[in-house]
């Protein structure tokens with residue numbers, strides 16, 4: 001069913017196979033461990049191709065609990081009076097939601113992501129700077145020369161970068177060339193970089209390189225991360241925060 005339709009929900013398994021929700025979840029966990037599918041919020045989906053640019057709504061359902069934990073850990077780093085950049089992505093959107101309730105203000109947030117801007121638009125104490133440009137419908141984010149020109153005149157204390165691929169040798173990557181160019185500029189204008197990425201991104205290479213792993217001070221990820229890759233990253237001097 002996953003191969004045919006691309007995804008399946010717990011409710012569909014319960015109805016079709018006459019099993020309990022507990023059994024359905026357990027079976028999907030086993031299927032994911034064997035590499036037959038990827039667990040999502042409320043079900044499972046077909047394994048992703050790192051080179052593909054999947055819609056934001058689809059990616060929101062993947063590794064939801066892990067992204068919430070990563071967002072909670074990331075918000076602990078923030079301090080009042082900082083200027084931060086939140087890159088586009090579902091993990092940075094979780095950080096934006098945490099900022100809403102953390103009451104860290106005043107805080108200036110620069111973003112090119114519509115979903116992040118929506119989360120913070122009415123947040124007390126947050127000054128929001130929206131970077132414009134060419135809209136990428138897949139990620140609901142702005143990229144391109146206009147976005148780069150605007151960023152060139154700005155400076156940030158901290159960049160929180162979401163990535164699609166994280167390979168210890170190749171570095172950080174994303175499926176879109178223009179997104180990668182903008183991310184590289186975000187790194188250049190920021191004093192400090194924290195990469196926020198769930199463990200499924202580790203060991204993957206997407207189309208466009210953003211930068212070497214050493215360009216980030218730390219990576220915040222979840223406890224499914226491969227111990228071997230974690231050791232290599234720490235050996236390169238990158239702080240690894242596992243939640």
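Among 113, 74, which is buried (at least 24 other Cβ atoms within 10 Å of the Cβ), under 26 Å from residue 38 (Cβ atoms) and without any contact (Cβ under 8 Å) to a residue 60 or more places away in the chain?
Within the list 113, 74, the selection yields 113.
For the range 146-187, how many residues are without any contact (Cβ under 8 Å) to a residue 24 or more places away in the chain and in contact with a helix residue (DSSP H, G or I) (Cβ under 9 Å, 6 or more places away or on another chain)?
1
Residue 232 is checked against (1) in contact with a strand residue (DSSP E or B) (Cβ under 9 Å, 6 or more places away or on another chain); (2) in contact (Cβ under 8 Å) with a residue 60 or more places away in the chain; (3) in a helix (DSSP H, G or I) and fails just one. What number does that condition carry?
(1)
So which residues in the range 188-198 are surrounded by fewer than 19 Cβ atoms within 10 Å (Cβ to Cβ) and either assigned to a strand (DSSP E or B) or in contact with a strand residue (DSSP E or B) (Cβ under 7 Å, 6 or more places away or on another chain) (or both), if there are any at all?
189, 191, 192
Against the conditions (1) at negative phi; (2) surrounded by 18 or more Cβ atoms within 10 Å (Cβ to Cβ), where does residue 153 fall short? Just the number, please.
Here residue 153 clears every test but (2).
Does residue 206 satisfy the condition of being assigned by TED's automatic domain parsing to the domain that holds residue 85, at pLDDT below 95 and buried (at least 22 other Cβ atoms within 10 Å of the Cβ)?
For residue 206, the condition - assigned by TED's automatic domain parsing to the domain that holds residue 85, at pLDDT below 95 and buried (at least 22 other Cβ atoms within 10 Å of the Cβ) - is met.
Across the range 112-148, what is the number of residues that are closer than 17 Å to residue 90 by Cβ, assigned to a loop (DSSP other than H, G, I, E, B) and modelled with pLDDT of 95 or more?
The qualifying residues number 1.
What are the residues in the range 82-103 that are surrounded by fewer than 21 Cβ atoms within 10 Å (Cβ to Cβ) and either in contact with a strand residue (DSSP E or B) (Cβ under 7 Å, 6 or more places away or on another chain) or touching a residue at least 12 places away in the same chain (Cβ under 8 Å) (or both), if any?
82, 83, 97, 98, 100, 102, 103
Can you find even one residue in the range 68-77 that is modelled with pLDDT of 95 or more, in contact with a strand residue (DSSP E or B) (Cβ under 7 Å, 6 or more places away or on another chain), under 18 Å from residue 186 (Cβ atoms) and part of a loop (DSSP other than H, G, I, E, B)?
yes
Test residue 156 against the criterion of being modelled with pLDDT of 95 or more and within 12 Å of residue 110 (Cβ to Cβ), and give yes or no.
Yes, satisfied.
Looking at this structure, is residue 160 assigned by TED's automatic domain parsing to the domain that holds residue 92 and buried (at least 20 other Cβ atoms within 10 Å of the Cβ)?
When the stated conditions are applied, residue 160 passes them.
Going by the conditions given, is residue 227 surrounded by fewer than 21 Cβ atoms within 10 Å (Cβ to Cβ), modelled with pLDDT under 95, over 19 Å from residue 175 (Cα atoms) and in the same structural domain as residue 89 (by TED's automatic domain parsing)?
Here the answer is yes, as residue 227 does meet what is asked.
The values are calculated or read from the model by the stated rules, or taken from the named source; none is laboratory data. In this text, all values refer to a predicted model and were calculated from it rather than measured experimentally. Positions of Cβ are generated from backbone atoms using ideal geometry, with glycine treated the same way; all protein chains shown enter the neighbour counts.
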